[in-house]
Amino acid sequence: MTVNSPETPIDEGPLVQWPAVLRGALLGLCVLAGLAGSLALLRRRGDPGTRQLGLACLLFFLSGVAVLLVSGLFEFSWRYQLPALVTLVPAGALGISIIIRWAGARRGSGGVPGRGEPGVAAGPAGSPAEEATR
């Protein structure tokens with residue numbers, strides 16, 4: 001059985017030697033999570049921490065999409081795909097953290113997004129708003 005034959009199982013062949021392989025479905029999940037995290041900037045009632053995460057997610061997401069589009073428009077080469085992997089995976093991680101943060105805020109406010117616990121000001125740790133509630 002040759003390496004390039006269609007009946008070669010995934011656990012045989014040149015990819016087995018790599019320490020990790022990013023599958024297409026996982027990359028697609030990272031792209032969707034990065035897009036969802038970038039769209040968090042459109043919410044008006046988000047706290048400043050979530051907006052900062054959304055801004056970082058948008059930066060990583062747009063960088064990866066720009067690299068993919070530019071390499072696809074002019075001359076496609078696989079060497080331009082590595083920078084896209086390097087930027088889309090952190091965008092997905094940031095997007096997932098924004099989704100988790102939004103779900104936690106929604107659960108803590110009784111189903112109303114944008115409202116946290118009463119008497120607790122939203123803000124990063126160590127901020128004047130947090131110290132005023134102590």
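The values are calculated or read from the model by the stated rules, or taken from the named source; none is laboratory data. Owing to the predicted nature of the structure, the values given are computational and were not obtained by experimental measurement. Glycine gets a Cβ as well: all are built from the backbone with ideal geometry, and neighbour counts include every protein chain shown.
Among the residues making up region 90-113, those that are at pLDDT 85 or above, of a type in the set (A, V, I, L, M) and surrounded by 19 or more Cβ atoms within 10 Å (Cβ to Cβ) are 91, 94, 98. Residues that are within 13 Å of residue 27 (Cβ to Cβ) and of a type in the set (S, T, N, Q) within region 63-92 comprise 81, 87, listed in sequence order. Out of all the residues in region 84-106, which are among the charged types (D, E, K, R) and more than 10 Å from residue 40 (Cβ to Cβ)? Within region 84-106, just 106 meets the criteria. For region 29-77, the tally of residues that are surrounded by fewer than 21 Cβ atoms within 10 Å (Cβ to Cβ), touching a residue at least 12 places away in the same chain (Cβ under 8 Å) and not in a helix (DSSP H, G or I) stands at 3.
Within region 47-83, the set of residues being touching a helix residue (DSSP H, G or I) at 6+ places or on another chain (Cβ under 8 Å) and over 17 Å from residue 37 (Cβ atoms) comprises 67, 68, 70, 71, 77, 80, 81, 83.
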